[in-house]
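S.K.: What follows is a structure written as structure tokens; I'll ask about it next.
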């Protein structure tokens, strides 16, 4: 009968944890292997052979876990969660950049020049109409006809770091808080620089790693197996050179 996903995962976790804990507590190899086989079976067996067997078993358990159908399904769900969080942090990033434009009155490079040209054109227009200085405020639209105000470009199913965003423009007199006009329904192109990509990606990964059960269930066996593999290879090298 085939192993269930829980059994495959448990076998990898228990075996890896036993190796890591044994190394951390500086237990003898016999003490670790007796968790899985009887002490009488270990008589006259070289330590290097036991570590090699541990290496083979560890690799086998890891690939059983990696290629299990449930693991692949879990990885797909995790990828979807990460994509959703990336969208959330992309929205936060764009909001921060729009707020910076409002505070400084200067445009940053993530938006195409068309946005600045549009704002400057409207300011000049209202200056002539009202014979006074004009201020502007930008806001990301909370909703759009088709859902999100942010539209992300894709290439062969892969998200790109550019797209368009719905922005509402407000214009008011410099000496008054009274709004002259609000212009909405326009999309403007954006392109995220490297620093922004790092910020969005790192925050998305950290959030999913901490708050997603799927991430914990998926990552824990891999981390333990990686640590156990380092221990086993290190022991094999020491035994071989010794």
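The values are calculated or read from the model by the stated rules, or taken from the named source; none is laboratory data. Note that the structure is a prediction, hence the values are computed from the model and not measured. With ideal geometry, Cβ positions are generated from the backbone for all residues, glycine too; neighbour counts draw on all protein chains shown.
S.K.: Collect the residues in region 24-54 that are under 15 Å from residue 238 (Cβ atoms), modelled with pLDDT of 75 or more and surrounded by fewer than 18 Cβ atoms within 10 Å (Cβ to Cβ), keeping them in residue-number order.
M.R.: The answer is 48, 49, 52.
S.K.: Kindly indicate which of 215, 209 is free of Cβ contacts under 8 Å to residues at least 40 places away in the same chain, part of a helix (DSSP H, G or I) and under 30 Å from residue 68 (Cα atoms).
M.R.: On the way: 215 fails: free of Cβ contacts under 8 Å to residues at least 40 places away in the same chain.
The conditions single out 209.
S.K.: Yes or no: region 153-173 includes at least one residue that is more than 19 Å from the chain's Cα centre (by Cα), modelled with pLDDT of 70 or more and part of a loop (DSSP other than H, G, I, E, B).
M.R.: no
This table checks each residue for (1) closer than 17 Å to residue 190 by Cα; (2) in a helix (DSSP H, G or I).
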{"position": "76", "(1), (2)": "no, yes"}
{"position": "80", "(1), (2)": "no, yes"}
{"position": "84", "(1), (2)": "no, yes"}
{"position": "99", "(1), (2)": "yes, yes"}
{"position": "102", "(1), (2)": "yes, yes"}
{"position": "129", "(1), (2)": "no, yes"}
{"position": "135", "(1), (2)": "no, no"}
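S.K.: Being surrounded by 12 or more Cβ atoms within 10 Å (Cβ to Cβ) and in contact with a helix residue (DSSP H, G or I) (Cβ under 8 Å, 6 or more places away or on another chain) is the filter here, so list the residues in region 223-242 that pass it.
M.R.: Result: 224, 225, 227, 228, 229, 231, 232, 233, 235, 236, 239.
S.K.: Here is a follow-up. Say whether the condition of being under 23 Å from residue 182 (Cα atoms), exposed (fewer than 15 other Cβ atoms within 10 Å of the Cβ) and in contact (Cβ under 8 Å) with a residue 40 or more places away in the chain is met by at least one residue in region 98-119.
M.R.: Yes: region 98-119 contains one or more residues that are under 23 Å from residue 182 (Cα atoms), exposed (fewer than 15 other Cβ atoms within 10 Å of the Cβ) and in contact (Cβ under 8 Å) with a residue 40 or more places away in the chain.
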